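Only one structure is covered here, and it is reproduced in the block below.
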Amino acid sequence: MQIGLTIKNIADELNLFRARVITAYYLIIVLSLMLIAQLTRLQIFEHEHFQTLSRDNRVKLTPIVPDRGFIFDRHGVVLAKNTPSYSLEVVPEDVPDIEAMLREMAGIIDIDEGDKNRFMRLLGRTYRFQSIPLKHRLTEVEVARFSVNRHRFPGVDIQARLTRDYPQGAMGVHAVGYVGRINEQELTQLDPVDYRGTNYIGKTGVEQAYENLLHGDVGYQHVEINAQGRTLRVLSGTPPVPGTDLYLTIDASLQAVAEAALKEEKGAVVAIEPTSGDILALVSMPGFDPNPFVRGIKEDAYRILRTSPKQPLFNRALLGQYPPGSTIKPFIGLAGLERNPNLIRHRMWCSGWYSLKDDKRIYRDWKRDGHGQMNLHRAIVRSCDVYFYQLALALGIDDLRDSLIRFGFGQTTGVDLVGEMSGLMPSRAWKRANRKEEWFPGETLITGIGQGFTLATPLQLAVATATLATRGMRFAPRIVDRLIKPTGEEIIVPPVRAGTITVSDEASWTQITDAMIGVVHEVGGTARGVGIGCTYPMAGKTGTVQVISLDPDEEYKREELDKKLHDHGLFIAFAPANKPRIAVSVVVENGGNGSQSAAPIARTILDHYLLGSEAPAIGDHSDR
Amino acid sequence: MSIAACLHGENELNIFPSSPEHTRNRFAHRSQRLHLDLPLLLGLLLLSIIGLLVLYSASGQDLQLVVRQAVRLGMAFGVMLVVAQITPHLFFYWTPWLYALGILLLLAVLVAGEMSGGAQRWLQLGVVRFQPSEMLKIIVPMMIAYFFVDKELPPKVIHVIGAMLLALVPAILVAWEPDLGTALLILCAGGFVIFFAGIGWRFLLSLGVLATACAPLLWFLMHDYQRQRVLTFFNPEQDPLGAGYHIIQSKIAIGSGGLFGKGWLNGTQSQLDFLPERSTDFVFAVVSEEFGLLGIIALFAVYLFVIFRGLYLTLNTQELFGRLLGGGLVMTFFVYVFVNIGMVSGLLPVVGVPLPLLSYGGSSLVTLLAAFGILMSMNTHRRLLSD
């Protein structure tokens, strides 16, 4: 063989090879140690880092939206709840032929072009294993029809989701409010953790004011996903804490009665329990059905609501600011009695007009011929303007103001709702600051009859009336009576005292109340009409507010004026006068005379509340 | 002369008189008769079994795939068995012809090869489809060993350059396909034969310096995807969803395995598809994730046992041709292991080198086990030659 024939030093060759093999052994060991070192670095020293990365890779946190709390009236009538709504959902990877499926589905469920286009758009954007909605809000019939044919549609199924539902529709909408989709601006203010997965937020009313409690706490689920994001299994999670259920102070049947009493009028009613500040009814008419807002209201339907001259979206009870008119007189009367208790015996003559020294202007009484002989009692009963011109002038604007703000005029009431207006109680300082003008004595005069700058919301009027009823105990009105936590724990919201009015002579309260009883029950009382047949003593005061200013010599002729220029009719009342259980304020926009438009509404409400007269049926008394 | 008789005869060239050959049992006799080395065979079988177990996990418990790989392993071990029966004479005489054939086939691939994954590596011959570049991993060290057999050792510079050309020509042809990984392995196989032939250290050093100087030149010759791999190697986080994804996910798999691993079939990186190529080139990451550092050290031990046993066999090989070839083949096997693990653990750039006996796939398997067949043949046939 060739190898043997070559003259070579075999032993040297062998030694050389052995040396090289030993070198190779060393090389292998060194390189292997390098690898082991690198692996030790990764697996021991950086283990935790990579373990975290590995967990982040496979575990995703998915939020579980808590169930929103229900809203009930004080007796358990459901005002807001969650109902399942059904949507048709498609998992593309399980559907053999999407086009064929859509064609066949059209025979069973009506799918319009918009639905189809949205579906096709989503189809191109999402993973094939993810569920895509084909149609939202299936009707019961559609659900049933699909269920029967389900076997024909692999990969298509019905998903139930909870959506907010207002079973009473428009009833109480301005009190309860509604939820809507979270908008961009709200998104920046919300806690991103708590609202992960939540699409809805309270927009108005209790839904907005008690958003924190109603929403509940978001839950989490750790799910294992693979590289494509497909959920493989649920690892662990924190269950969501459902929202708190709210029992309102609202009496749904009273609310319904009040809404029905306002009929087609624009206006507001606020009824309060004087001894607690509980809002029994909070009405702003016209209302609207909040349910479309939950689904996402159609553009044109929203435009109609927004542009309607009746302003159904406007919450008059909290935001409407009206001159209180003659309803302010009892409060001014009380201020007068406080200044001088002998005022009750003071007499004066009303000739139908009044004028100031050095002022050519004539301040007329609503009764052109005058009321004749007047005292405080008769002045309130008959609503004599001239008397209160003089009383206001005697008190002076600043004292008048100081006295009235104790009843809550000119400041927010502290109600547990968002956005109430403060109204306006003018003073010299206010005018100087806001109008850059001095105060004129004439302005004091008209403040005495609740006109001029003075403004009050129906809620403020109700609170002031309730304060009269309790003889000086003013409560911040509240709309939530008690909370039922998810644990079942009941928390009663305590009444909040907003102030106490002390007068020098307690008899003043009785004198004013007597006068207000006279308004309803005495001959010549401005609300004598509603006093007829009234089985309980009722204390009230009418008010009529001009929408347009008339020339002193011009006469207001209702028939000749456009309805929107008619006077606002106001009425405040509490009853039973000797032991008040309810105080109410009624504002009827452009209703004309308060005694004719507003007072009968108040009577209906008081009758219902105190006598339990026939109420419009309220459905859904179901417990949760 | 009977084989048994041969076994008991002392050989003057036996370097390790205290070697286990003295205590070979009956099974060893049988394996010797089949020209197999029992410890090496057991090591390779152990690696194959580990490979199948890991593959079951890495494939997402796809038993069909595991069976397919088992069949391939069976065939490859069959090839090894057959190759081990061939006497070293034949290898020696065939070498120049095989080399010539190999070069021709590489040219044929470039002219008429099949495209697959952007590279032209496959040659369709009737029903058989194979990669000629795989064969070159054995043929090149054979040719260089053949070249050195009648040369004076340690080799003269001119001979070294000649040997290098024998390796460079096929390597360049393979790199042209392009298949950088295989080209590098061919160069390594040839280079280690030159190394075992006794190339001077000074010469080796100057070659290293020359190679470093040539690196920028290599950069210009590289394809875009190859350059990308190198860039990615230096900064994988730069492109976490693109080219860097493989290496990032692989490191997460290894690192999260820790000391004890997540357990067989419990590797989240691999079971949940985060790890790409997890049953082929990145199978080592699956092992690391599921069996931890301890598992890896155990796997290393088996690999090192096979490599050290292989080197030991070459020491016991009688002729120069067998020794040089054997050394080259064993070291190539080590390079496979080193480059693969280095690449998967982020120590080396991503080069398409499988982990021997663990990565799913057939072409490299046959070459690898054929190489061990040659090694066994060289070792077990030696006594016949001494007559």
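Residue-by-condition table, conditions (1) open to solvent by 10 Å² or more (accessible area, probe 1.4 Å); (2) free of Cβ contacts under 8 Å to residues at least 40 places away in the same chain:
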| residue | (1), (2) |
| --- | --- |
| A:LEU376 | no, no |
| A:VAL381 | no, no |
| A:ALA392 | no, no |
| A:ASP399 | yes, no |
| A:PHE407 | no, no |
| A:THR412 | yes, yes |
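Which numbered condition in (1) modelled with pLDDT of 70 or more; (2) surrounded by fewer than 24 Cβ atoms within 10 Å (Cβ to Cβ); (3) part of a loop (DSSP other than H, G, I, E, B) is the only one that A:ALA615 fails? In the conditions (1) modelled with pLDDT of 70 or more; (2) surrounded by fewer than 24 Cβ atoms within 10 Å (Cβ to Cβ); (3) part of a loop (DSSP other than H, G, I, E, B), A:ALA615 misses (1) alone.
The condition of being among the small types (Gly, Ala, Ser), surrounded by fewer than 21 Cβ atoms within 10 Å (Cβ to Cβ), modelled with pLDDT under 85 and out of contact with any strand residue (DSSP E or B) (no Cβ under 9 Å at 6 or more places or on another chain) holds for only one of A:ALA301, A:ALA260, that being A:ALA301.
Filtering B:VAL330, B:VAL302, B:VAL286 for residues that are assigned to a helix (DSSP H, G or I) and surrounded by fewer than 23 Cβ atoms within 10 Å (Cβ to Cβ) leaves a single hit, B:VAL302.
If we keep just the residues of the range A:45-56 that are open to solvent by 30 Å² or more (accessible area, probe 1.4 Å) and of a type in the set (S, T, N, Q), which is nearest to the other protein chains (Cβ to nearest Cβ)? Spell out how you get there, then give the answer.
Step one: filter the range A:45-56 for residues open to solvent by 30 Å² or more (accessible area, probe 1.4 Å), giving A:45-49, A:51-53, A:55-56.
Now drop any that are not of a type in the set (S, T, N, Q), which leaves A:51-52.
Details: A:GLN51: 5, A:THR52: 8 Å.
Among them, the one singled out is A:GLN51.
Of the numbered criteria (1) under 30 Å from A:GLU490 (Cβ atoms); (2) open to solvent by 10 Å² or more (accessible area, probe 1.4 Å), the one A:VAL283 fails is (2).
Please determine, by comparing only the residues of the range B:194-234 that are out of contact with any Phe, Trp or Tyr (no Cβ under 8 Å at 6 or more places or on another chain) and farther than 27 Å from B:PRO178 by Cβ, which one is surrounded by the most Cβ atoms within 10 Å (Cβ to Cβ). Per the stated criteria, the residue is B:ILE199. Assess whether A:VAL386 counts as being open to solvent by less than 20 Å² (accessible area, probe 1.4 Å), in contact with a helix residue (DSSP H, G or I) (Cβ under 8 Å, 6 or more places away or on another chain) and hydrophobic (A, V, I, L, M, F, W, C). No: the conditions fail for A:VAL386.
Screening B:PHE338 on (1) at the interface with chain A (Cβ under 10 Å from one of its Cβ atoms); (2) open to solvent by less than 10 Å² (accessible area, probe 1.4 Å) shows it passes everything except condition (2). Of the residues examined, B:ILE158 is not one that is away from chain A (no Cβ under 14 Å), out of contact with any Pro (no Cβ under 8 Å at 6 or more places or on another chain) and at pLDDT 90 or above.
Considering the conditions (1) facing another protein chain (nearest Cβ under 10 Å); (2) open to solvent by less than 30 Å² (accessible area, probe 1.4 Å); (3) more than 15 Å from B:LEU46 (Cα to Cα), B:TYR312 is excluded by exactly one of them, (2).
Filtering the range B:341-350 to residues that are more than 8 Å from chain A (Cβ to nearest Cβ) and open to solvent by less than 20 Å² (accessible area, probe 1.4 Å) leaves B:MET343, B:VAL344.
Taken over the range A:201-241, the criterion of being of a type in the set (D, E, K, R), away from chain B (no Cβ under 14 Å) and open to solvent by 40 Å² or more (accessible area, probe 1.4 Å) is satisfied by A:LYS203, A:ASP217. If we scan the range A:94-104, do we find a residue that is at positive phi, open to solvent by less than 50 Å² (accessible area, probe 1.4 Å) and either touching a Cys at 6+ places or on another chain (Cβ under 7 Å) or assigned by TED's automatic domain parsing to the domain that holds A:ARG150 (or both)? No, because not a single residue in the range A:94-104 is at positive phi, open to solvent by less than 50 Å² (accessible area, probe 1.4 Å) and either touching a Cys at 6+ places or on another chain (Cβ under 7 Å) or assigned by TED's automatic domain parsing to the domain that holds A:ARG150 (or both). Here the condition is being more than 8 Å from chain B (Cβ to nearest Cβ) and either farther than 30 Å from A:ALA281 by Cβ or part of a helix (DSSP H, G or I) (or both); of A:LEU61, A:LEU31, A:LEU35, A:LEU42, it holds for A:LEU61 alone. Of the residues making up the range A:385-434, those that are of a type in the set (Val, Ile, Thr) and farther than 27 Å from A:HIS346 by Cβ are A:THR412, A:THR413, A:VAL415, A:VAL418.
None of B:GLN61, B:GLN69 is polar (S, T, N, Q) and open to solvent by 60 Å² or more (accessible area, probe 1.4 Å) except B:GLN61. Scanning the range B:172-189 for residues that are within 19 Å of B:PRO356 (Cβ to Cβ), open to solvent by less than 70 Å² (accessible area, probe 1.4 Å) and either part of a helix (DSSP H, G or I) or at pLDDT 85 or above (or both) gives B:VAL174, B:LEU180, B:GLY181, B:THR182, B:ALA183, B:LEU185, B:ILE186, B:LEU187, B:CYS188, B:ALA189.
Residue under question is A:VAL270, and the condition is that it be farther than 27 Å from A:GLY569 by Cα, in the same structural domain as A:ALA577 (by TED's automatic domain parsing) and open to solvent by less than 10 Å² (accessible area, probe 1.4 Å); does it hold? Can you show your working first?
Numbers: farther than 27 Å from A:GLY569 by Cα: no; in the same structural domain as A:ALA577 (by TED's automatic domain parsing): yes; open to solvent by less than 10 Å² (accessible area, probe 1.4 Å): yes.
No; evaluated as a whole, the condition is false for this residue.
Of everything in the range A:67-93, what is open to solvent by 40 Å² or more (accessible area, probe 1.4 Å) and acidic (Asp, Glu)? Give them in sequence order.
Within the range A:67-93, A:ASP67, A:GLU93 qualify.
A:ARG196 - would you say it is open to solvent by 50 Å² or more (accessible area, probe 1.4 Å), without any contact (Cβ under 8 Å) to a residue 40 or more places away in the chain and not assigned by TED's automatic domain parsing to the domain that holds A:GLY543?
Working: open to solvent by 50 Å² or more (accessible area, probe 1.4 Å): yes; without any contact (Cβ under 8 Å) to a residue 40 or more places away in the chain: no; not assigned by TED's automatic domain parsing to the domain that holds A:GLY543: yes.
Considered against the rule, which asks whether it is open to solvent by 50 Å² or more (accessible area, probe 1.4 Å), without any contact (Cβ under 8 Å) to a residue 40 or more places away in the chain and not assigned by TED's automatic domain parsing to the domain that holds A:GLY543, A:ARG196 comes out as no.
In the range B:255-283, the residue that is most open to solvent (accessible area, probe 1.4 Å) out of those that are more than 12 Å from chain A (Cβ to nearest Cβ), under 28 Å from the mean Cα position of the chain (by Cα) and not hydrophobic (A, V, I, L, M, F, W, C) is B:GLU277. Exactly one residue out of A:LEU356, A:LEU318, A:LEU337 is over 32 Å from the mean Cα position of the chain (by Cα) and either open to solvent by less than 10 Å² (accessible area, probe 1.4 Å) or closer than 30 Å to A:THR510 by Cβ (or both), and it is A:LEU337.
Sort out for me the strands (runs of 3 or more DSSP E) sitting completely within the range A:289-374 that have 1 or more residues that are among the charged types (D, E, K, R). Quick ask: steps written out before the conclusion?
Values: elements: A:348-350, A:353-355, A:362-364, A:372-374.
Those strands (runs of 3 or more DSSP E) span A:362-364.
For first residues located in the range B:289-300 and facing chain A (nearest Cβ under 7 Å), partners that are open to solvent by 50 Å² or more (accessible area, probe 1.4 Å) and lie 6+ apart or on another chain with Cβ distances below 7 Å form the pairs B:GLY292/B:LEU259; B:GLY292/B:PHE260; B:LEU293/A:ILE44; B:LEU293/B:LEU259. Output the number of residues of the range B:222-254 satisfying the condition of being within 14 Å of chain A (Cβ to nearest Cβ) and either at pLDDT 70 or above or part of a helix (DSSP H, G or I) (or both). Residues meeting the conditions: 14.
Of everything in the range A:130-169 that's in a loop (DSSP other than H, G, I, E, B) and open to solvent by 40 Å² or more (accessible area, probe 1.4 Å), which residue is modelled with the highest pLDDT? If we take residues in the range A:130-169 being in a loop (DSSP other than H, G, I, E, B) and open to solvent by 40 Å² or more (accessible area, probe 1.4 Å), then A:PRO167 is modelled with the highest pLDDT.
The values are calculated or read from the model by the stated rules, or taken from the named source; none is laboratory data. All values derive from a computational prediction rather than experimental measurement. Don't worry about glycine lacking a Cβ; one is built from the backbone with ideal geometry, like all the others, and counts go over all protein chains shown. Note: areas computed on protein heavy atoms with side chains; ligands, DNA, RNA excluded. Shrake-Rupley method; radii C 1.70, N 1.55, O 1.52, S 1.80 Å.
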